[in-house]
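Below: the structure, in structure tokens.
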Amino acid sequence: MFARDHIEYQPADLPDRMDYSAEKSLNEAKTFYDRMKRRHTVRDYSDAPVSRDVIEECIRTAGTAPSGANHQPWHFVAISDPAFKKRVREAAEEEERRFYEGGAGDEWLKALEPIGTNDHKPHLEEAPWLIVVFAQRWGHFDDGTRFKNYYVPESTGIACGFLLAALHHAGLVTLTHTPNPMRFLNKMLGRPESEKPIMIVAVGHAAQDAKVPAVAKMKKPLDEILTVAD
Ligand code: IYR
């Protein structure tokens, strides 16, 4: 990327100012909430294709996320090759079988009952794209020596949030999938040891008869998630 050890602080004028009136600000906030509350995690995909261009634009958005020391400690692998998706599905299902057969523990399995998940993951093949998100635990200078990354879980979590919002905004549906452990993805996708797979995001269009778990739409009311000190 760039020689990180040679960058000095240089102030730049704030670009892209948005000095909205209070009224416009509230309207924009409402409009965005209205859009985001229509995002649903979907497990049933149609075979309608999604162009690589859309995926690239959404990953560009993810790449604008704030990160510790602006190190941008993430890498995305976008997969549309059916043979690759099949291999990811098979490996993920193998891990999930262990999870659902008891590895998760009784309390966790009970918590998942209302979500209706199991070890069967056809969406990993049916969705036109899988985006695998890797967190870079450390980076490398051009000479091969390592540098530390900071706030890696927070930074990559924010980038994943941006990615899901961008995909939704583009009219696509997603499923965040976290097989555990996910190390098989490093080998399969040729990613280095410094990177930890944190999420597979299935992306596509919802099947005509797609269902979601009713419980997933029960969001906590504002007074439960917000305390104001004013
Ligand atoms: N990774 C498993 C289990 C799972 C765990 C949680 I926490 C969920 O919210 C949903 C699923 C799976 O994908 O089935």
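Annotation: Gly144 fulfils all but one of (1) surrounded by fewer than 19 Cβ atoms within 10 Å (Cβ to Cβ); (2) of a type outside the set (Asp, Glu); (3) in contact (Cβ under 8 Å) with a residue 60 or more places away in the chain; the unmet one is (3). For the range 86-103, filtering for residues that are under 22 Å from the mean Cα position of the chain (by Cα) and either near the ligand (Cβ under 10 Å from one of its atoms) or within 17 Å of Val212 (Cβ to Cβ) (or both) leaves 5. Taken over the range 165-184, residues that are modelled with pLDDT under 95 and out of contact with any Leu (no Cβ under 8 Å at 6 or more places or on another chain) amount to 7. Go through the range 149-168 and give me each residue that's within 16 Å of the ligand (Cβ to nearest atom) and in contact with a Lys or Arg (Cβ under 9 Å, 6 or more places away or on another chain). Residue satisfying the conditions is Leu164 alone. Are there any pairs, at least 6 apart or on different chains, whose C-beta atoms fall under 6 Å, with the first in the range 169-193 and farther than 17 Å from Ile59 by Cα and within 16 Å of the ligand (Cβ to nearest atom) and the second at pLDDT 95 or above and open to solvent by 60 Å² or more (accessible area, probe 1.4 Å), and if so, which? Sorted first by the residue in the range 169-193, then by its partner, the list stays empty. Against the condition aromatic (Phe, Trp, Tyr) and modelled with pLDDT under 95, how does Phe162 come out, does it pass? Answer is no for this residue. The number of residues in the range 104-119 that are within 11 Å of the ligand (Cβ to nearest atom), at positive phi and loosely packed, with under 12 Cβ neighbours inside 10 Å comes to 0. Within the range 186-230, how many residues turn out to be outside any helix (DSSP H, G or I), over 26 Å from Pro49 (Cα atoms) and open to solvent by 80 Å² or more (accessible area, probe 1.4 Å)? Total satisfying the criteria: 10. So in the range 120-148, with the set limited to residues that are away from the ligand (no atom under 16 Å from the Cβ), of a type in the set (A, V, I, L, M, F, W, C) and part of a strand (DSSP E or B), which one is nearest to Phe76 (Cα to Cα)? Per the stated criteria, the residue is Phe134. Considering Tyr100, Tyr45, the condition of being aromatic (Phe, Trp, Tyr) and under 18 Å from Asn180 (Cβ atoms) is satisfied by Tyr100 alone.
The values are calculated or read from the model by the stated rules, or taken from the named source; none is laboratory data. Quick caveat: nothing in here was measured; it's all calculated off a predicted structure. Virtual Cβ from ideal backbone geometry, glycine too; neighbours counted across all protein chains shown. Remember, those area values only see protein heavy atoms, side chains included, never the ligands or the DNA or RNA. Shrake-Rupley method; radii C 1.70, N 1.55, O 1.52, S 1.80 Å.
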